[in-house]
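Worksheet: the structure to be examined is printed underneath.
The values are calculated or read from the model by the stated rules, or taken from the named source; none is laboratory data. All values reported here derive from a predicted model rather than from experimental measurement. Here Cβ is always computed from backbone atoms with ideal geometry, including for glycine, and neighbour counts include all displayed protein chains. All accessible areas refer to the heavy atoms of the entire protein, side chains included, with ligands and DNA or RNA removed. Shrake-Rupley method; radii C 1.70, N 1.55, O 1.52, S 1.80 Å.
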Amino acid sequence: MPKRFLPAALLALGAAVALSGCGAKSGERPLTILISVEANTLDPHFATSTIEWTILMNVLEPLVARADDMRVTPALAERWEVDASRKVWTFHLRKGVKFTNGEPLDARAVRYTFERMRDKKLRPRSTVPGRIALDRVEEVDAHTVRLHTRTPIAIVPVWLVNAFILPPKHYSATPPKEVLSQPVGTGPYKLTEWVKDSHIRMEANGDWWGGKPKIPTVVWRPVPETSARLAELETGGADLITNITGDQAKVLDGKKPGFQSFNVQGGRRIYIGIRTDWGPFGDKRVRQAMNHAVNFEVVIQKFLHGHGARMASVVLPPNNNPGVSSYKFDPAKAKALLAEAGLKDADGDGVLEANGRPLRIKMDVPVARYLQGTELAEAAAADLRAVGIHVEVQPLEWSVFLSNRRKKTLSPLYLHGFSSAFNEETDLGVLRPSLFANLTAWKHPQFVASYRDLRTAFDAETRKKLSYGLQALVREEAPWIFLCYQRDYFAASARIAWKPRPDERIFIPAIQMKEAKPVK
Amino acid sequence: MPMVRQEAPALPDEESASLGPERVGLGQSLRRYKTALVGLVFLSALLLTALGAPLIAPHDPHKVSVADRLRPAAGMRGGSRANLLGTDSLGRDILSRLIYGARVSILVGLASVVISGMVGITLGLLAGFFGGKLDDLIMGLAEVQLAFPFILLAITVMAVLGPGLFNVIAVLGVSRWVAYGRVVRGQVLTVREKEFVEAARALGYPVYRVLLFQILPNITSPLIVIATFAVAGNIISESSLSFLGLGVPTSTVTWGSMLSEGREYLRVAWWLATFPGLAIMLTVLSINLIGDWLRDFFDPRLRDLA
């Protein structure tokens with residue numbers, strides 16, 4: 001019996017090593033990440049989508065980056081300061097840094113980068129020069145550079161996290177159509193291959209100033225179907241997959257040994273916009289009532305499996321005002337507020353009337369745009385119907401939704417999500433009346449005034465005071481039905497250790513490869 | 001359908017054949033075609049269910065109950081008798097939604113067949129009876145229509161008109177007339193030379209009367225068969241359009257949209273897509289079984305005359 005057992009045991013061991021795919025040679029198989037969408041361009045001055053920024057942040061680096069906790073942190077600039085006029089920002093560059101094509105990182109490269117961003121012939125899509133009201137870039141010496149802004153802007157560093165610094169020779173010598181697939185930077189990885197709709201391959205940059213990355217090769221592959229991504233993970237073809245649902249993560253955690261799921265509170269704020277220019281929605285009490293009518297506790301339990309909390313106002317942690325609490329589910333209070341606002345159900349059909357007209361409205365929701373967006377809208381609509389506001393969910397194709405948003409013809413309620421730059425000013429900015437994507441038509445004089453003050457306040461204490469006041473005002477005035485921060489779910493094989501970031505981006509050096517254990 | 005053919009008795013002898021084609025009634029024939037009988041029973045049950053949906057459905061199909069979401073079918077772990085076939089991603093009762101969804105499927109299937117039948121029969125009668133340029137024009141139109149992929153046409157039209165029950169019916173109705181048109185035209189070509197048509201014309205009957213009361217009654221058998229299969233085809237097309245999000249808006253429950261919603265949950269909750277899928281399959285199968293039988297019944301070569 002033992003004789004027979006031995007080959008079987010060896011076979012099993014071999015299979016275990018083969019299945020776990022690594023053992024001591026964990027470096028041999030590349031780390032494979034499945035993403036849900038393909039990048040359109042890897043020219044940082046034309047990039048717009050999260051996946052493009054994700055790929056780029058592993059190859060290129062900005063002066064100032066966002067750390068894992070979303071606070072700004074030094075990257076290619078070791079330190080920076082602003083002068084007394086509050087319009088001149090001086091950045092001191094890290095010394096001895098080279099681009100992977102051999103060009104040195106110096107003030108000239110920085111100046112070239114910012115000038116390329118607003119090159120009239122190239123017509124890039126970068127919003128950075130506009131955001132920081134860039135006047136000119138001054139090379140002080142090889143490792144010192146000054147950005148002159150036309151007006152005082154307090155959050156210049158926040159806007160710089162997507163301003164990746166480029167090597168001038170490579171980007172000026174290569175035609176724009178080719179350079180979009182050949183990004184070169186100072187980052188931890190070098191892009192070695194991009195086969196469109198197939199994969200992106202990157203190799204570790206041994207000369208990275210942050211130290212040679214531990215994972216030598218990374219492959220990114222776009223796989224649009226969620227179930228296909230999951231299937232590939234389960235059959236060992238991938239190590240990390242993005243964009244799964246909480247339901248799928250729960251199944252994976254409960255049943256599948258050898259796999260794990262990650263989730264993190266993302267930066268996207270999911271809310272139901274209230275068009276305050278529509279009939280009774282101009283009344284604050286009606287808007288508050290709708291917030292009290294929505295039972296979000298059960299949504300968090302059942303859709304998000306208990307992760308996260310209801311959004312209280314518009315600003316994300318760590319900049320949120322802890323004194324502002326979220327609306328509580330209270331249908332009785334909702335009904336009382338509606339009655340106080342003069343809405344009554346005179347004909348007894350279960351639908352309230354305003355000035356004799358029944359409150360029958362639609363709620364627009366873009367299809368397949370936000371994680372479980374249609375379901376969130378349906379759940380909220382059912383709660384609103386329960387207090388007498390007859391809401392019918394109308395799913396719209398994203399392109400139709402966008403066009404209606406532009407024409408300002410969305411329904412009185414619309415489910416939408418704003419991403420975040422993880423700063424109180426930009427977080428609050430989504431409610432400024434001039435923003436094209438803000439259809440609430442909410443123009444509160446105090447908001448407009450305080451927000452203007454916030455934009456020019458450089459002192460941290462003043463900014464905090466203004467921001468906290470604005471957050472409380474937004475909560476009280478309720479131009480939105482506050483829902484949640486989108487939860488981002490990822491699934492991975494057991495061979496990696498990682499903590500996801502709230503900004504949906506994946507920074508490879510933050511991923512650890514574990515020593516392989518035999519499969520149980 | 002070789003299986004069905006085997007069940008049909010051998011061809012009759014000449015004597016009984018001369019007695020005329022109507023000796024065997026539908027009911028008698030049906031008793032021999034057991035599969036068609038099964039289909040008919042299923043379809044009748046479905047029709048009654050659809051008509052009596054508010055009485056039969058255990059729950060309001062739109063009642064959202066997030067707390068009960070993704071509950072499995074009764075008998076499975078975590079299932080409950082309150083929701084026999086489980087609940088969907090918003091906690092709505094799947095059985096009740098299936099029952100209400102049957103209404104849409106049947107309505108779309110029948111209504112679109114009526115529309116395409118009317119359009120196709122009218123055009124086919126005109127083309128066959130008058131011939132010449134009108135015939136060329138109508139048949140040319142039919143060729144164009146046939147060359148155009150249906151799903152592309154449907155998607156385009158739905159994108160322009162917007163989702164809606166009546167838009168779906170209109171699209172299916174208008175785009176499926178060719179089958180009727182061509183068959184009717186062919187039949188008219190043979191019938192219009194018959195003596196009774198000539199007699200009617202000689203008596204000075206107006207054209208519409210000749211077409212509707214002399215010709216049409218003599219060519220109905222193949223139309224019934226086409227219409228039966230078309231009902232099944234249209235139910236599937238409606239489901240496909242709803243599946244693509246281009247059919248009936250979500251405020252109306254349809255099997256296609258249930259299937260579409262369930263697809264995202266296949267790995268998590270299989271019952272969401274499985275039950276509407278089964279409903280579509282069984283309904284279409286039933287109709288096709290009936291269609292097979294009708295085709296054999298109306299085909300003189302296969303007809304049981306004994």
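Exactly one residue among A:Val400, A:Val387 is over 22 Å from A:His292 (Cβ atoms) and of a type outside the set (Gly, Ala, Ser), and that residue is A:Val400.
Looking only at residues that are within 14 Å of chain A (Cβ to nearest Cβ) and assigned to a helix (DSSP H, G or I) in the range B:242-255, which one is modelled with the highest pLDDT?
That would be B:Ser242.
A residue that is at pLDDT below 90 and surrounded by fewer than 22 Cβ atoms within 10 Å (Cβ to Cβ) occurs somewhere in the range A:50-60. Just so you know, in the range B:73-109 the residues that are among the basic types (Lys, Arg) and open to solvent by 10 Å² or more (accessible area, probe 1.4 Å) include one that is nearest to the other protein chains (Cβ to nearest Cβ), and it is B:Arg92.
Among the residues of the range B:183-204, how many are basic (Lys, Arg) and in a helix (DSSP H, G or I)? The number of residues fulfilling the criteria is 2.
Residues in the range A:355-371 that are buried (at least 21 other Cβ atoms within 10 Å of the Cβ) and either in a loop (DSSP other than H, G, I, E, B) or more than 10 Å from chain B (Cβ to nearest Cβ) (or both): A:Leu359, A:Met363, A:Asp364, A:Pro366, A:Leu371.
Assess whether B:Leu294 counts as being away from chain A (no Cβ under 14 Å), over 20 Å from B:Val225 (Cα atoms) and modelled with pLDDT of 85 or more. Answer is no for this residue. Residue-level analysis places B:Ala273 among those that are farther than 30 Å from B:Phe196 by Cα, among the aliphatic types (A, V, I, L, M) and at pLDDT 90 or above. Each residue in the range B:258-275 was checked for being open to solvent by less than 40 Å² (accessible area, probe 1.4 Å) and at the interface with another protein chain (Cβ under 10 Å from one of its Cβ atoms), and 3 pass.
Residue by residue, here is whether (1) modelled with pLDDT under 95; (2) closer than 28 Å to A:Ile511 by Cβ; (3) of a type in the set (Ser, Thr, Tyr) holds:
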position	(1), (2), (3)
A:Asn243	yes, yes, no
A:Asp247	yes, yes, no
A:Leu252	yes, yes, no
A:Lys255	yes, yes, no
A:Phe262	yes, yes, no
A:Tyr271	no, no, yes
A:Met311	yes, no, no
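If you scan the range B:183-230, which residues turn out to be among the polar types (S, T, N, Q) and either open to solvent by 70 Å² or more (accessible area, probe 1.4 Å) or over 16 Å from B:Phe298 (Cα atoms) (or both)? Hits for the range B:183-230 are B:Thr190, B:Gln214, B:Asn218. Count of the range A:299-332 residues, restricted to those that are touching a residue at least 60 places away in the same chain (Cβ under 8 Å) and outside any loop (DSSP other than H, G, I, E, B), is 3.
Among the listed residues A:Val298, A:Val294, identify the single one that is of a type in the set (A, V, I, L, M), within 14 Å of another protein chain (Cβ to nearest Cβ) and open to solvent by 30 Å² or more (accessible area, probe 1.4 Å). Don't jump to the end; show me each part of the working.
Numbers: A:Val294 fails: open to solvent by 30 Å² or more (accessible area, probe 1.4 Å).
Selected residue: A:Val298, the only one of A:Val298, A:Val294 that is of a type in the set (A, V, I, L, M), within 14 Å of another protein chain (Cβ to nearest Cβ) and open to solvent by 30 Å² or more (accessible area, probe 1.4 Å).
Residue-wise test of (1) within 13 Å of chain A (Cβ to nearest Cβ); (2) farther than 27 Å from A:Lys250 by Cα; (3) under 28 Å from the mean Cα position of the chain (by Cα); (4) assigned to a helix (DSSP H, G or I).
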| position | (1), (2), (3), (4) |
| --- | --- |
| B:His62 | yes, no, yes, no |
| B:Arg71 | yes, no, no, no |
| B:Ala111 | no, yes, yes, yes |
| B:Gly117 | no, yes, yes, yes |
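Restrict the check to the range A:187-200 and report whether at least one residue is open to solvent by less than 10 Å² (accessible area, probe 1.4 Å) and assigned to a loop (DSSP other than H, G, I, E, B).
yes
Of all residues in the range A:225-244, exactly one satisfies the criterion of being in a strand (DSSP E or B) and within 11 Å of chain B (Cβ to nearest Cβ), namely A:Ile244. Across the range A:387-436, the number of residues qualifying as surrounded by fewer than 20 Cβ atoms within 10 Å (Cβ to Cβ), without any contact (Cβ under 8 Å) to a residue 40 or more places away in the chain and away from chain B (no Cβ under 14 Å) comes to 10.
State yes or no: is A:Pro317 open to solvent by 20 Å² or more (accessible area, probe 1.4 Å) and within 30 Å of A:Leu240 (Cβ to Cβ)? So A:Pro317 fits the description; yes. Is one or more of the residues making up the range B:47-57 in contact (Cβ under 8 Å) with a residue 12 or more places away in the chain, in contact with a Leu (Cβ under 8 Å, 6 or more places away or on another chain) and open to solvent by 30 Å² or more (accessible area, probe 1.4 Å)? No: the range B:47-57 contains no residue that is in contact (Cβ under 8 Å) with a residue 12 or more places away in the chain, in contact with a Leu (Cβ under 8 Å, 6 or more places away or on another chain) and open to solvent by 30 Å² or more (accessible area, probe 1.4 Å). The residues of the range B:1-60 that are at pLDDT 90 or above and small (Gly, Ala, Ser), listed by number, are B:Ala36, B:Gly39, B:Ser44, B:Ala45, B:Ala50, B:Gly52, B:Ala53, B:Ala57. I'd like to know if the range A:169-176 contains one or more residues that are surrounded by fewer than 22 Cβ atoms within 10 Å (Cβ to Cβ), more than 30 Å from A:Ser467 (Cα to Cα), without any contact (Cβ under 8 Å) to a residue 12 or more places away in the chain and among the small types (Gly, Ala, Ser). Checking the range A:169-176: at least one residue is surrounded by fewer than 22 Cβ atoms within 10 Å (Cβ to Cβ), more than 30 Å from A:Ser467 (Cα to Cα), without any contact (Cβ under 8 Å) to a residue 12 or more places away in the chain and among the small types (Gly, Ala, Ser). The condition (being among the polar types (S, T, N, Q) and touching a strand residue (DSSP E or B) at 6+ places or on another chain (Cβ under 9 Å)) is satisfied by just one residue among A:Ser450, A:Ser467, A:Ser493: A:Ser493.
Considering only the range A:70-127, how many residues are free of Cβ contacts under 8 Å to residues at least 40 places away in the same chain and open to solvent by less than 20 Å² (accessible area, probe 1.4 Å)? Reasoning before the result, please.
First, the residues of the range A:70-127 that are free of Cβ contacts under 8 Å to residues at least 40 places away in the same chain: A:73-75, A:77-79, A:81, A:83-84, A:102, A:104, A:106-107, A:111, A:115, A:118-121, A:123, A:127.
Imposing the further condition that a residue be open to solvent by less than 20 Å² (accessible area, probe 1.4 Å) reduces the set to A:75, A:77, A:107.
Of the residues in the range A:70-127, 3 are free of Cβ contacts under 8 Å to residues at least 40 places away in the same chain and open to solvent by less than 20 Å² (accessible area, probe 1.4 Å).
Looking at (1) open to solvent by 20 Å² or more (accessible area, probe 1.4 Å); (2) within 14 Å of another protein chain (Cβ to nearest Cβ), find the lone condition where B:Leu278 falls short. So the condition that B:Leu278 fails would be (2).
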